[in-house]
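Please see the structure below; I have some questions.
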Amino acid sequence: MNVTVNFKVNGRDRTAQVEPKTTLLYVIREDLGLIGAKEGCGKGECGACTVIINGDAVPSCLVLAAGVEGKEIITIEGIGENGRLHPLQEAFVKYHASQCGFCSPGMILTAKAFLDRKPDPTEEEVRDVMMSNLCRCTGYEKIIEAVMAVANGEDA
Ligand code: FES
Ligand code: FES
């Protein structure tokens, strides 16, 4: 039996009819067409599916869509403003923090949720947080540089 869920995505009210076992990742990608969130492992280990729910970076492959009633979700498609990339997106470009790019939406959203709470982190704190998202390409140095550049207020 389907359940009706009302929630917000990137500031816009959305309604979805979902089966009890449908994941938020599925709804975001297949029903809403927001394909920035990726399915990597499908079991909460890689972070490729990360979205921000009520301020927390969360693996959307582990979230049941039926449970997001009334919640505010931000995906990578929602963080730029006025046609401009978000500073973290600009920094990822500038510091070559993406190679294949599969991990980048999740990385950027993890970094955003973290910096929104802690705008002046140490590099060690950034390293700890970013380890929750797996990248097979960059070796992480460029990713850490990009996040630290934003934390330090450098222009991307
Ligand atoms: S696909 Fe969700 S954590 Fe890997
Ligand atoms: S850039 Fe390829 S997995 Fe991170």
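Can residue 40 be described as part of a loop (DSSP other than H, G, I, E, B) and touching a strand residue (DSSP E or B) at 6+ places or on another chain (Cβ under 8 Å)?
no
Which members of the stretch 52-73 meet the condition of being more than 16 Å from ligand 1 (Cβ to nearest atom) and either surrounded by 14 or more Cβ atoms within 10 Å (Cβ to Cβ) or free of Cβ contacts under 8 Å to residues at least 40 places away in the same chain (or both)?
Passing the criteria: 54, 66, 71, 72.
Return yes when residue 109 is within 16 Å of ligand 1 (Cβ to nearest atom), of a type outside the set (Gly, Ala, Ser) and farther than 16 Å from residue 145 by Cβ and no when it is not.
yes
Something else about it: Take the residues in the stretch 67-113 that are among the basic types (Lys, Arg) and over 19 Å from residue 44 (Cβ atoms); name whichever of them is farthest from ligand 2 (Cβ to nearest atom).
Here is the first cut: in the stretch 67-113, the residues among the basic types (Lys, Arg) are 71, 84, 94, 112.
Adding the requirement that they be over 19 Å from residue 44 (Cβ atoms) leaves 84, 94, 112.
Working: 84: 22, 94: 15, 112: 17 Å.
Among those residues, the one meeting the criterion is 84.
Of the numbered conditions (1) out of contact with any Leu (no Cβ under 8 Å at 6 or more places or on another chain); (2) away from ligand 2 (no atom under 16 Å from the Cβ), residue 137 fails exactly one; give the number of that condition.
(2)
Where a number appears in this text, it was derived from the coordinates with a stated rule and is not lab data. Just so it is clear, the structure is predicted and the values come from calculations on it, not from any experiment. Glycine gets a Cβ as well: all are built from the backbone with ideal geometry, and neighbour counts include every protein chain shown.
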